[in-house]
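One structure is given here, and the rest of the page talks about it.
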Amino acid sequence: MLSVTFLGTSAARPTVERNVSAMALVREGETLLFECGEGTQRQMMRYGVSFALSEIFFTHFHADHFLGVIGLLRTLGLQARTEPILLYGPKGAKKVLAQAIQLGVERVPFEVEVREVKGGDVIVQRATSNVQRDAYDIHVFTTEHGGGSVGYALREHERSGRFDPEKARAAGVPEGPLWGKLQKGEAVELADGRKVSAEGIVGPKRPGRVVVFTGDTRPCAAVIDAAQGADLLIHEATFGEEEKERAEETGHSTAREAAQVALAAKARRLVLSHVSARYSISADELVKEAREVFKESVVAKDGMTIEVPFND
Ligand SMILES: [Zn+2]
Ligand SMILES: [Zn+2]
């Protein structure tokens, strides 16, 4: 199971309909939080997102993306949490988050570690437990939003190929432990001394899923690279075409631009988020503009959950 739940989809400030940025990604029961705008903890309660999370990823430190971490950490402390938490963000994260952690609390009663990341970094290890991530990595990429912002791509590792029991039987391999070996891609030796390789019985390795989260950005090549073949691209679309210039001035994207990125990256699906307050009630205009370029586009709403299935 892999899904994302949008906790906040409004740019800059909350509206009645939409809170500021945050998104929960749930994979095999594990919850990762991307951004933590003001009020995120209440959105988590409202939409049933677990507080048992060990990592939060920040794309940059504009107020609408991180102020919620102050209250969230305090609540985690009140819940008698003892497990450490890891916060990731671009350069400056240590300074900004250290302030946020100290604000309004005597002391957070668990360890909070802040790690600064940059484009090209691959987060492979969970320092909280020192357990190697065995099924996916988080790739960090640079974005264009006026100084040091980053985005994140969760990339699952390749899965083993599909095992064909009929072919295994036809090759004379009896059901049992030998099938397990074949599934792992190993050759097996039968009772009569014959060797049977996995080739032809087990299909080619199958790709894992890729979910890309841009945070605030202009459309750019780094995002297109990071989103190559993504199963799900979550791209900001603060504005519509009529505010194209404003998007450029403020380091944001229009819905059409985000769709062009999705098209260039050959992504499977595009979800637009971080929309300006004027689209808070109806973002139909943004959907229309995006779909003219990239058909599989939707605009996120608070509380929307999107499942990311395997393609085979
Ligand atoms: Zn923002
Ligand atoms: Zn911003």
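Points worth noting:
- Extension gain, ALA191 to ALA98, is 27.1 nm, computed as 0.36 nm per intervening residue step minus the present C-alpha separation.
- Extension gain, ARG74 to ARG268, is 66.0 nm, computed as 0.36 nm per intervening residue step minus the present C-alpha separation.
- Cross-link table LYS266/LYS301; LYS205/LYS266; LYS244/LYS266; LYS95/LYS295, entries beyond 30 Å C-alpha to C-alpha: LYS95/LYS295
- GLU257 exposes around 20 Å² of accessible area when a 1.4 Å probe is run over every protein chain in place.
- Pair-distance distribution P(r) for the chain, from all Cα-Cα distances in 10 Å bins starting at 0: 6, 26, 30, 18, 11, 7, 2, 0 percent.
- Cα-centred dipole magnitude for the stretch 100-235, charges only on beta-carbon of K, R (+1) and D, E (-1), debye, nearest 20: 340 debye
- GluC sites (Glu not before Pro) within the stretch 50-154: DSSP coil, no more than 15 neighbouring Cβ in 10 Å: GLU106, GLU111
- Heavy-atom accessible area for ASP137, with the other protein chains in place and a 1.4 Å probe, reaches approximately 30 Å².
- If the segment from GLU113 to ARG81 were pulled out straight at 0.36 nm per residue, it would be longer than the present Cα-Cα gap by 10.1 nm.
- Percent antiparallel among DSSP beta bridges (both partners in the chain, rounded to 5): 60 percent
- Relative intensity, log₁₀ I(q)/I(0), of the stretch 81-203 from a Debye sum that treats every alpha carbon as a point, q = 0.09, 0.10, 0.18 Å⁻¹: -0.51, -0.57, -0.95
- Label separation (GLU242 vs HIS157): 5.1 nm, computed from points 7 Å beyond Cα along the C-beta direction.
- For the stretch 25-161, the Cα gyration tensor yields ellipsoid semi-axes of 23, 19, 14 Å (square root of five times each eigenvalue, largest first, whole Å).
- Note on GLU28/LYS295: beta-carbon distance plugged into 1/(1 + (r/R0)^6) with R0 of 41 Å gives a FRET efficiency of 0.85.
- Point-to-point label distance, VAL122-ASP164, nm (Cα→Cβ direction, 7 Å offset): 3.1 nm
The values are calculated or read from the model by the stated rules, or taken from the named source; none is laboratory data. The structure displayed is predicted, hence computed values, not measured ones. Glycine gets a Cβ as well: all are built from the backbone with ideal geometry, and neighbour counts include every protein chain shown. Note: areas computed on protein heavy atoms with side chains; ligands, DNA, RNA excluded. Shrake-Rupley method; radii C 1.70, N 1.55, O 1.52, S 1.80 Å.
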